[in-house]
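Heads up, the thing below is written out as structure tokens.
The values are calculated or read from the model by the stated rules, or taken from the named source; none is laboratory data. Please read these numbers as outputs of a predicted model, since none were measured by experiment. Please note: Cβ atoms are built from the backbone with ideal geometry, for glycine as well, and neighbour counts cover all protein chains shown.
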Amino acid sequence: MHLLKASLLPEKYPVADRYPFNLDIFRHTRSIEFTSPVTFFAGENGTGKSTLLEAICLQCGVHIWKNEERTRYTLNPYEDQLYQSISIHWSNGAVSGSFFGSHIFQHFAQLLDEWAAGDPGLLKYFGGESLITKSHGESLMSFFKARYKIKGIYFLDEPETALSPKSQIELLQILSKAITSSDGVQFIIVTHSPILLACPDATIYSFDDIPVKKVTYEQTDYYQVYKDFMQDRSKYIKV
């Protein structure tokens, strides 16, 4: 592993009553250790998974692509400041990496296509073809297969959003190889997918608990709900 631990420092929080600093999970979770090449953040929406993922990513020096800012009715000046109150512990110094979010991928793909017009060699790092000439799911898989062969630390925020179950299994296979390969890749992933969570020997942190705690695959709500639904879906369908 490149990244060994991320420690939250509540004493450095600029405020106590504004998001994200007002979330109990960030006031009572002091650190998260990374003990396997693949780590998952799991839990209900609004528990702080993606917020912490982005904060750790920024503190690791990995750029997060953003769409152009739009006018907003209200602005929270603190929403992107959590990373300033996190300390990072590397095993052997910082490494490069990338952040993936399905909501910003299309914007990144368009920018990459513009850059490739002047330097076509850039595309060799992303499957050798333009990412915007394929379906969204195909372009995602092309990106995953090419980019995650390169040594580094990779942050993924709900990568399953635009993937079919079969494509999720393909991504699971990519992650599974990271467990046994010596390529020096590390993944930290926010997901709701029981398929991805099945990655062998991955560490799963539950954000439904305060403080955050490690759980097994079978202890996740995603596994339990999907299993129960498949065994008897009739009780979930009200006529």
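Things worth noting here:
- Flag if THR51 is crowded, with 17+ Cβ neighbours inside 10 Å, in contact with a Pro (Cβ under 6 Å, 6 or more places away or on another chain) and either assigned to a loop (DSSP other than H, G, I, E, B) or at pLDDT 85 or above (or both): yes
- Hits in the stretch 75-102 - residues which are loosely packed, with under 12 Cβ neighbours inside 10 Å and either modelled with pLDDT of 75 or more or of a type in the set (S, T, N, Q) (or both): ASN76, ASN92, GLY93
- Residues of the stretch 158-187 classified as touching a Gly at 6+ places or on another chain (Cβ under 7 Å), at pLDDT 90 or above and part of a helix (DSSP H, G or I), total: 1
- No other residue among ASP201, ASP208 is among the acidic types (Asp, Glu), within 17 Å of ALA42 (Cβ to Cβ) and surrounded by 14 or more Cβ atoms within 10 Å (Cβ to Cβ) apart from ASP208.
- The residues listed here are ALA6, ALA42; of these, the one that is under 18 Å from the mean Cα position of the chain (by Cα), farther than 20 Å from VAL95 by Cβ, hydrophobic (A, V, I, L, M, F, W, C) and surrounded by 14 or more Cβ atoms within 10 Å (Cβ to Cβ) is ALA42.
- Each residue in the stretch 206-239 was checked for being outside any helix (DSSP H, G or I) and over 22 Å from LYS5 (Cβ atoms), and 5 of them qualify.
- In this structure, THR29 does satisfy being crowded, with 18+ Cβ neighbours inside 10 Å, over 18 Å from the mean Cα position of the chain (by Cα) and more than 30 Å from LYS145 (Cβ to Cβ).
- For the stretch 175-192, the criterion of being closer than 19 Å to ILE56 by Cβ and of a type in the set (Ser, Thr, Tyr) is satisfied by at least one residue.
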